[in-house]
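S.K.: First the structure, which I've put down as structure tokens, then a few questions once you've had a look.
The values are calculated or read from the model by the stated rules, or taken from the named source; none is laboratory data. Predicted model, so just to flag it, every value in this text is computed and none were measured. Here Cβ is always computed from backbone atoms with ideal geometry, including for glycine, and neighbour counts include all displayed protein chains. Side chains included, ligands, DNA and RNA excluded: accessible areas come from the protein's heavy atoms. Shrake-Rupley method; radii C 1.70, N 1.55, O 1.52, S 1.80 Å.
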Amino acid sequence: MSSDLRPVKRALLSVSDKTGLIEFARALSARGIELVSTGGTSKAIAEAGLKVLDVSDLTGFPEMMDGRVKTLHPNVHGGLLAIRENPEHEAALLAHDIRPIDLLVVNLYPFEETIAKGAAYDECIENIDIGGPAMIRAAAKNHADVTVIVDVADYASLLGALEAHQGATTLALRKHFAQKAYARTAVYDAAISNWFAAVLEDSAPDYRAMGGTLLEKMRYGENPYQAAGFYKTAEHRFGVSTARQVQGKTLSYNNVNDTDAAFECVAEFDPSRTAAVAIIKHANPCGVAEGANLLEAYEKALRCDPVSAFGGIVALNLSLIHI
């Protein structure tokens, strides 16, 4: 066995999004991997007829304080953080009867979804995950020995790796998952801190975190030799990120930037008052006009600079039935 391969013998699963959970847990169990789980996840796995050890049996403490405290325990974090083949770490595991955890599967409380639906303050607070990020960061730090999964979309690739390597994972895969894990907790914390800033009406907090989820890889960046990706933050706001592309090639950075500028510009015109059209190229207006209908507004906007408008983005403040 290659020295960078690490067998998975024990897995801890604690998920808010239970999509594909049972199939995934069944596949792990079929490989002889011991399952440890928490709360609702443990109940779902047990009800599916699979053998699972509840985390409270692992820690010797019940889940308490409405689930706020359940995995913050040395039997969990020691199992995740212990460096295999480190004599001192092995001695500590033996002295305190802590068993290693080789695979951590966690997706966090749905904080972003909670604020997106405009939930009350107290509900938002209760959807701030504490134990999940702590475990994710611990497992990702110890990626030399531990595999961490934070996205249900990665279940298949993990199972494929276990099949390909006789129940083990490669260091390259563990590094990939560790990077994704830290990015996930960073985006999560950014959503929380920015929500707090909005609640406090603080437009310029001392620290401002930015994080988002990839919507798509762009065709290229501002220039053809540059790479770019289109990311969406947790804030629920209509715009380019909520639009659906009907046809055409993958967008470039300039396409998205111009589309956003066009949307924001035309949104300044009240559609109940007048039809309006904005034509944008390289983030600058080639023409912006009002009219009795969209056709009139478009023709007036185009006359502003018909040369620069070539290849530009056209935004309308009404549907096409108002042509």
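S.K.: Treating the beta-carbon of each Lys and Arg as +1 and of each Asp and Glu as -1, no other charges, what is the dipole magnitude of the chain about its Cα centre, to the nearest 20 debye?
M.R.: The calculated dipole for the chain is roughly 940 debye.
S.K.: With a cut-off of at most 13 other beta carbons within 10 Å, and DSSP calling the residue loop, which trypsin sites (Lys or Arg not before Pro) in the stretch 219-291 qualify? Please list them.
M.R.: Passing sites in the stretch 219-291 are R237, R244, K249, R273.
S.K.: Which three extents, in angstrom, do the Cα atoms of the stretch 120-264 have along their principal axes, listed largest first?
M.R.: Dimensions of the stretch 120-264 along the principal axes of its Cα atoms: 53, 43, 26 Å.
S.K.: How big is the antiparallel share of DSSP beta bridges in the chain, given as a percent to the nearest 5?
M.R.: In the chain, DSSP labels about 55 percent of beta bridges as antiparallel.
S.K.: Relative to the longest principal axis of the C-alpha atoms of the chain, give the angle of the C-alpha long axis of helix 253-266, reported between 0 and 90° and rounded to the nearest 10°.
M.R.: 60
S.K.: Based on Cα positions only, what radius of gyration and what Dmax would you give for the chain, in angstroms?
M.R.: 25.4, 82
S.K.: Using a 1.4 angstrom probe on heavy atoms only, work out the carbon and sulfur share of the accessible area of the chain in %.
M.R.: In the chain, the share of accessible area belonging to carbon and sulfur is 56 percent.
S.K.: Based on DSSP H runs of at least 4 residues, each adding -39500 (n - 2.57), what is the mean residue ellipticity at 222 nm of the chain after dividing by all its residues, to the nearest 500 deg cm²/dmol?
M.R.: Taken over the chain, the calculation gives -12000 deg cm²/dmol.
S.K.: Show M64, M218 ordered by accessible area, largest first, where the area counts protein heavy atoms only and the probe is 1.4 Å.
M.R.: Solvent-accessible surface, decreasing: M64, M218.
S.K.: How big is the accessible area of Y109 in square angstrom, nearest 10, if you roll a 1.4 angstrom probe over the protein chains?
M.R.: The accessible area comes out at roughly 70 Å².
S.K.: Let me ask something else. Using +1 at the Cβ of each Lys and Arg and -1 at the Cβ of each Asp and Glu in the chain, identify which of L5, V105, G132 lies farthest towards the dipole's positive end.
M.R.: Highest projection toward the positive end goes to L5.
S.K.: Quick check: the angle from helix 131-141's long axis to the longest principal axis of the chain, C-alpha only, nearest 10 degrees?
M.R.: Roughly 80 degrees, rounded to the nearest 10.
S.K.: Rolling a 1.4 Å sphere over the protein heavy atoms, what is the accessible area per residue of the stretch 217-280, to the nearest Å²?
M.R.: That works out to 65 Å² for each residue.
S.K.: Placing unit charges on C-beta atoms (Lys and Arg positive, Asp and Glu negative, everything else neutral), compute the dipole magnitude of the stretch 176-241 about its Cα centre in debye, rounded to 20.
M.R.: 380
S.K.: With the other protein chains left in place, how much accessible area per residue, in square angstrom, belongs to the stretch 26-178 at a 1.4 angstrom probe?
M.R.: Ligands and nucleic acids excluded, the result is 49 Å² per residue.
S.K.: Where nothing but the Cβ of Lys and Arg (+1) and of Asp and Glu (-1) is charged, how large is the charge dipole of the stretch 186-282 around its Cα centre, in debye to the nearest 20?
M.R.: In debye, rounded to 20, the stretch 186-282 gives about 540.
S.K.: Can I ask one more? Go through Y220, T147, L162 and say which Cα lies farthest out towards the positive end of the charge dipole of the stretch 139-225; charges sit on Cβ, +1 for Lys and Arg, -1 for Asp and Glu.
M.R.: Highest projection toward the positive end goes to L162.
S.K.: If one takes the longest principal axis of the Cα atoms in the chain, at what angle in degrees, from 0 to 90 and to the nearest 10, does the Cα axis of helix 171-199 lie?
M.R.: Its long axis makes an angle of about 60 degrees.
S.K.: Here is a further query. Counting pairs of alpha carbon atoms under 8 Å apart in space and at least six apart in sequence, what relative contact order in percent does the chain give?
M.R.: So the answer I get is 12 percent.
S.K.: Now a separate question. Select from P87, S241, A46 the residue farthest towards the positive end of the dipole of the chain; place +1 on Cβ of Lys and Arg, -1 on Cβ of Asp and Glu, and compute about the Cα centre.
M.R.: Comparing the listed Cα positions along the dipole, P87 ranks first.
S.K.: Above 12 Å lies some portion of the pair distances; for the stretch 105-146, what is it as a whole percent of all C-alpha pairs?
M.R.: Roughly 61 percent, rounded to a whole number.
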